[in-house]
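Below you'll find the structure, written out as structure tokens, and then a few comments.
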Amino acid sequence: SEANAPQELTDGFHLVIDALKLNDLNTIYGVPGIPITDLGRLAQAQGMRVISFRHEQHAGNAAAIAGYLTKKPGVCLTVSAPGFLNGLTALANATTNCFPMILISGSSEREIVDLQQGDYEEMDQLAIAKPLCKAAFRVLHAEDIGIAVARAIRAAVSGRPGGVYLDLPAQLFAQTMDELEGQKSLVKVIDPAPAQIPGPEAVDRAIDLLKGAKKPLIILGKGAAYAQADDAVRELVEKSGIPYLPMSMAKGLLPDTHPQSAGAARSLALKEADVVVMIGARLNWLLSHGKGKTWGEPGSKKFIQIDIEPREMDSNVEIAAPLVGDVESCVNALLDKMGDDWSAPPAEWTDAIRSKVEGNVAKMANKLQNNNNPMDFHGALGALKTIIKERPDAILVNEGANTLDFARSIIDMYKPRKRLDVGTWGIMGIGMGAAVAAAVETGQPVLAVEGDSAFGFSGMEVETICRYDLPVCIVIFNNNGIYRGTDVNPTGGSDVAPTVFVKNSRYDLMMQAFGGVGVTATTPDELSRAVNEAMDSGKPTLINAVIDENAGTESGRIGNLNPQSVVKKK
Ligand code: ADP
Ligand code: MG
């Protein structure tokens, strides 16, 4: 009889896995170790995809990018203390970029940690995580796992997306409870990121402002790309006839070759515009805080801003027409109110932008067509620009200083969410994590264009790429160092300058060490051949692209942020 049947048990391990799966979170990016080794094993046994990295920061960056690409929180799993801290860097970065992510870390025994009695990997992880993410929770009882995972998901994806920390002490995993009770304790989150509709008065205010504009401009940010409201955004741009400027990761939301793109006339557009519509973009350092020389005459602009986060409004300058809500709802509300007889902006304005774009594109085109050996940035990127044009579904990962700045302006993107880069912080180290997540989440080929310095931060993950046989082609722009490879030690001592690496390094051999394809390319033609071969084969490939060590400028295009001493010491 049922009463005599042996009790079916579940435990913390299984409840965590069941809670994630119930909510359609089927991939874990992590690094195994105490106390979560078995969690990874069991997750794989239960049909989850478990992608193990060599360092937690890259697993975390992968989870963050998974969140950006899918609108579901990417899950990163780490051990305690140092593993947690490594993952925390990525969690903070995800939060800064408004990417939804959940960092799950094992932790040590509460009783010992709280009395600071010196446990294995002792650290009060919850307290440390709290100020660096959107929300942080600890679970002490197996029956609370379902609720905790639900709260983590909601916190990550609702409102402005961000990073959530979930602290799971070692003792939780082995806690058992009745199987049926356990299943009942799980929560499937209903409507985790509900639409947020803007108020009708806010929409009217924005429309009135836009109607009076002589030189309107739309700025698309990665919040708009994240929203996956691609058709609505395109309709707004095309119906309004307003020139638009994509922020770095919003490139491709509309094709960069779109006739309304002001991408190649950025300076003119920012300086001259009178009404600027911000869509999922912030007026932070990347837009000179909405003021100063970049923005022309003081007081010459009025801003309309669409953002899901009310407190983003007036963060740097006055926002004349705040539209608080999700991008899709706000854009659709604007479209509704625009009606069918919307008049395009004055031709004087759109023609000025258009001719500036055409002039700059033509100027650039000449520079891109050299076959120099060693390569300069333009020749090498000219080759890669053609490849992305021919393979618009490929995902471009991009980091570095000069490698980033040049690639961003040279390589046109044609589809939404195909460009992954250094984001809001402008950091190095996202490369291989982003490449892995892009391949795993989308199945599309990935082209990672990396400065030699930038690559170094996550370079060991080439083993991960080979291990999972991912269709990732890494191109390293190797100019022997940071910014350039030509700095010398002014003392004449035997140490090289702090910005210089081993000359003529063979990064391609790193890939061969793990069974991938490694190639050195010294001309744009060779580079082009090697990348096309990699993209056709889908084999993990690393191309060491030899760039003139004299090419490149200090700090790339943000030299103004780099303090330099004016004092000459003898
Ligand atoms: P970029 O760097 O491309 O300018 P930011 O990361 O600075 O973009 O800005 C993205 C903005 O988008 C953030 O302020 C965020 O709150 C907002 N955002 C994110 N998702 C949505 C959404 N679904 N709807 C509206 N705003 C969003
Ligand atoms: Mg370099």
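The values are calculated or read from the model by the stated rules, or taken from the named source; none is laboratory data. As the structure is a computational prediction, the values presented were derived from the model and not from experiment. Here the Cβ is made from the backbone with ideal geometry for all residues, glycine too, and neighbour counts use every protein chain on show. Side chains included, ligands, DNA and RNA excluded: accessible areas come from the protein's heavy atoms. Shrake-Rupley method; radii C 1.70, N 1.55, O 1.52, S 1.80 Å.
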With respect to residue 206, is the statement that it is in a helix (DSSP H, G or I) and open to solvent by less than 20 Å² (accessible area, probe 1.4 Å) true? yes
Selection over the stretch 111-120 where residues are part of a loop (DSSP other than H, G, I, E, B) and either open to solvent by less than 50 Å² (accessible area, probe 1.4 Å) or polar (S, T, N, Q) (or both) yields a count of 3
By residue number, the members of the stretch 281-318 that are free of Cβ contacts under 8 Å to residues at least 24 places away in the same chain and more than 11 Å from ligand 1 (Cβ to nearest atom) are 288, 292, 293, 297, 298, 299, 314, 318
*asked:* Kindly evaluate residue 173 against the criterion of being aromatic (Phe, Trp, Tyr) and in a helix (DSSP H, G or I).
replied: yes
Of the residues in the stretch 118-152, those that are in contact (Cβ under 8 Å) with a residue 24 or more places away in the chain and within 23 Å of the chain's Cα centre (by Cα) number 8
Expected single match for in contact with a Ser or Thr (Cβ under 7 Å, 6 or more places away or on another chain), away from ligand 2 (no atom under 16 Å from the Cβ) and either open to solvent by 10 Å² or more (accessible area, probe 1.4 Å) or within 29 Å of residue 341 (Cβ to Cβ) (or both) among 226, 244 is 244
Pairing a residue in the stretch 442-460 that is touching a residue at least 60 places away in the same chain (Cβ under 8 Å) and among the β-branched types (Val, Ile, Thr) with any residue that is outside any helix (DSSP H, G or I) and away from ligand 2 (no atom under 13 Å from the Cβ), where Cβ atoms lie under 8 Å and the two sit 6 or more apart in sequence or on different chains, gives 442/395; 449/396; 449/397; 449/398; 449/411
Scanning the stretch 260-272 residue by residue, those away from ligand 1 (no atom under 16 Å from the Cβ) and within 27 Å of residue 333 (Cβ to Cβ) turn out to be 260
Of those in the stretch 148-165 that are outside any helix (DSSP H, G or I) and surrounded by fewer than 24 Cβ atoms within 10 Å (Cβ to Cβ), the residue farthest from ligand 1 (Cβ to nearest atom) is 158
Cβ pairs under 8 Å, 6+ apart or interchain, first in the stretch 323-342 and under 16 Å from residue 305 (Cα atoms) and open to solvent by less than 20 Å² (accessible area, probe 1.4 Å), second among the acidic types (Asp, Glu) and away from ligand 2 (no atom under 16 Å from the Cβ), ordered by first then second residue, are 323/307; 331/235; 335/235
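Among the candidates 255, 259, single out the residue that is in contact with a Phe, Trp or Tyr (Cβ under 6 Å, 6 or more places away or on another chain), surrounded by fewer than 23 Cβ atoms within 10 Å (Cβ to Cβ) and not in a strand (DSSP E or B).
The conditions single out 255.
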Quick count over the stretch 359-368, residues being touching a residue at least 40 places away in the same chain (Cβ under 8 Å) and either in contact with a Gly (Cβ under 6 Å, 6 or more places away or on another chain) or open to solvent by 70 Å² or more (accessible area, probe 1.4 Å) (or both), is 2
Taking the stretch 528-550 and keeping residues touching a strand residue (DSSP E or B) at 6+ places or on another chain (Cβ under 8 Å) and within 16 Å of ligand 2 (Cβ to nearest atom) leaves 542, 543, 544, 545, 546, 547, 548, 549
For the stretch 1-33 the number of residues that are of a type in the set (A, V, I, L, M, F, W, C) and within 20 Å of residue 137 (Cα to Cα) is 9
From the option list 374, 416, single residue qualifying as more than 16 Å from ligand 2 (Cβ to nearest atom) and in contact (Cβ under 8 Å) with a residue 40 or more places away in the chain is 416
